[in-house]
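Asker: Shown below is the structure under consideration.
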Amino acid sequence: MFGGIIIHSLLVVFGGTGDLAHRKIYPAIYNLYVSGHLPENFAMAAVGRREKTEETFRKEAASSIRRYARENRGNQEDIDHVVSRFFYWQADFTKYNGYEELKDYLNALDARFHTHGNRIFYLAVAPEHFGTIVQHLDRSGMTDQERAYKRVVIEKPFGKDLASAIELNNIITGVFKEDQIYRIDHFLGKEMLQNILVIRFANAFFEPLWNNKYIDHIQITSSETVGVENRGGYYETAGAMRDMMQNHMLQLLMLTAMEPPVSLDTHAIRDEKVKVLKAIAPFSPEKVKTNVVRGQYGDGLIHGKPVSAYRKEERVSPDSDTETYIAMKLEIENFRWAGVPIYLRTGKRMPVKTTKIVIQFLPLPGILYYRNFGSLEPNRLIIEIQPREGVIIRFNGKKPGTRNEIIPVELDFCQNCAIGEVSPDAYEKLLLDVMNGDSTLFTRWDEVEYAWRLMDNITREWSSNIENPAFPNYASGTWGPAAADDLLERDGRFWFND
Ligand code: BG6
């Protein structure tokens, strides 16, 4: 069991014919069913603009489940059972017209599946529709909480800068209370992100070393081999900054750097996370120039196969200045971390898909082995988030033999290497948490707010004062622009690409 009590739910997916719903939400519902976590009283209504019959919709959902589900994909009986709970309602959700009929339709499903009036509204739509849908739901009387819960799940990006995020938040909080709002950052649903706190706070030998007395620097990487795929239109407005850095990368940083919470309660954890953002030294115009690097991929090779430049992707402008890579150096100004540089980088079309946190420890005094063997490899702790999930400790040992030689060796724990060990997909965990009313793994408003505050300083400088780099400035299949290597090399460090 994932834990918690499971409560009857009618899930309403706006954007129910879209990519996210088919790739992530429907397979997640199926996996929850197969693993025995779906509530007995459950139904899902997809709301979409396309005209289609319920039968066609179910067939499409079934084929997505077969394609993307993690477990037991081929079991027709299970798939049939799950999609028999799936319904389709065609409507233009941007227009108020039709919301009252939708309400009656949902009430009928509610009576049929005994979901007790509980509703989860999942907004898997383009961000510009978030506010409109919430307002229409309210006006049609679908948000009333009297005898049942009403929750809203909002996909990222939450705004495109601080001002637009505040505006959106005002609309949403005008209708829903903070504890009804589930802002998704799907990285938080990943098994290893949840494990970061366990590793840090359930072990005696990490926490005492987790500070500026012992740590030289931290680097967090999330690289992908894919390009922007069919999302050129969206990506042109987002770039790596809004797509990955403002949310997923900062979440990784918050979990790595936060203080121990007073309890494992949702608020206690989120309180400590947000303090990390508040303590990050703001990027001055000078720091944006020296400490932030942008890149955009050009033609190149991924796994030996030629791929084209970002500017040649569908729905991307041929002279686009959107960044597909970003690296930055920052510092957290608190007692634990002052003086420890933190390097973050994320990019598309890089040589491998990997997300990992590397903690590099300070060297010991330059005597004994350090004096006699020249420079030794630094000790490193590597938390592997994906696709390999594990923890590696790299330290120095004696090379077996009669000669005195020191070599780096590893303690390697891999939690998903054994065959059959497949971690639940992030969306399974997150959907289940929404049903259970647990918002720990979702983003609270102040996290969004402080993340934008930080990032806005950078994007403002880019758009007004700093000339764009000559894009493309890295070939697909490489580790990003040369300037990103300089960012570390000038500090006598380098990116750990092993
Ligand atoms: C999404 C971004 O939030 O995360 C995508 O919009 C990115 O651009 C994706 O590819 C990466 O997620 P994952 O789970 O595949 O690492």
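The values are calculated or read from the model by the stated rules, or taken from the named source; none is laboratory data. Computed from a predicted model, the values in this text were never measured in an experiment. Note: ideal-geometry Cβ built from the backbone for every residue, glycine included; neighbour counts use all protein chains shown.
Asker: Picking from Leu197, Leu168, Leu123, which residue would you name as being modelled with pLDDT of 95 or more, closer than 21 Å to Trp452 by Cβ, of a type in the set (A, V, I, L, M) and away from the ligand (no atom under 16 Å from the Cβ)?
Answerer: Leu168
Asker: Considering the stretch 225-277 alone, what residues qualify as being of a type in the set (Phe, Trp, Tyr) and modelled with pLDDT of 95 or more?
Answerer: Tyr235
Asker: Still on this structure, I have one more. Return the residues of the stretch 118-141 that are among the hydrophobic types (A, V, I, L, M, F, W, C) and either in contact with a Leu (Cβ under 6 Å, 6 or more places away or on another chain) or touching a residue at least 60 places away in the same chain (Cβ under 8 Å) (or both); say none if nothing qualifies.
Answerer: Within the stretch 118-141, Ile120, Phe121, Leu123, Ala124, Val125, Ala126, Phe130, Ile133 meet the criteria.
Asker: Same structure again: Considering each residue of the stretch 325-365, count those that are within 16 Å of the ligand (Cβ to nearest atom) and not small (Gly, Ala, Ser), and give that number.
Answerer: The qualifying residues number 15.
Asker: Same structure, new question: I'm trying to understand the selection: among the residues of the stretch 225-280, which are more than 16 Å from the ligand (Cβ to nearest atom) and part of a loop (DSSP other than H, G, I, E, B)?
Answerer: Within the stretch 225-280, Met258, Glu259, Pro260, Pro261, Val262, Ser263, Leu264, Asp265 meet the criteria.
Asker: Let me ask something else. If you take the residues of the stretch 400-432 that are under 16 Å from the mean Cα position of the chain (by Cα) and either in a strand (DSSP E or B) or among the acidic types (Asp, Glu) (or both), which of them is modelled with the highest pLDDT?
Answerer: Looking at the filtered set, the residue picked out is Glu428.
Asker: May I ask you to say which residue of Asp110, Asp104 is away from the ligand (no atom under 16 Å from the Cβ), assigned to a helix (DSSP H, G or I) and touching a strand residue (DSSP E or B) at 6+ places or on another chain (Cβ under 7 Å)?
Answerer: Within the list Asp110, Asp104, the selection yields Asp110.
Asker: Applying the selection to the stretch 432-453, what residues are out of contact with any strand residue (DSSP E or B) (no Cβ under 8 Å at 6 or more places or on another chain), surrounded by 18 or more Cβ atoms within 10 Å (Cβ to Cβ) and within 12 Å of Ile269 (Cα to Cα)?
Answerer: Leu441, Glu447, listed by residue number.
Asker: Within the set of pairs 6+ apart or on separate chains, which have a first residue in the stretch 57-79 that is free of Cβ contacts under 8 Å to residues at least 60 places away in the same chain and of a type outside the set (Gly, Ala, Ser), a second that is crowded, with 16+ Cβ neighbours inside 10 Å and in a loop (DSSP other than H, G, I, E, B), and C-beta atoms under 6 Å apart?
Answerer: Close Cβ pairs (under 6 Å, with a partner that is crowded, with 16+ Cβ neighbours inside 10 Å and in a loop (DSSP other than H, G, I, E, B)) amount to Arg66/Arg73.
Asker: Does Pro387 fit the bill of being exposed (fewer than 12 other Cβ atoms within 10 Å of the Cβ) and modelled with pLDDT of 95 or more?
Answerer: yes
Asker: What about Tyr214, is it more than 16 Å from the ligand (Cβ to nearest atom), touching a Phe, Trp or Tyr at 6+ places or on another chain (Cβ under 6 Å) and more than 23 Å from Glu155 (Cα to Cα)?
Answerer: yes
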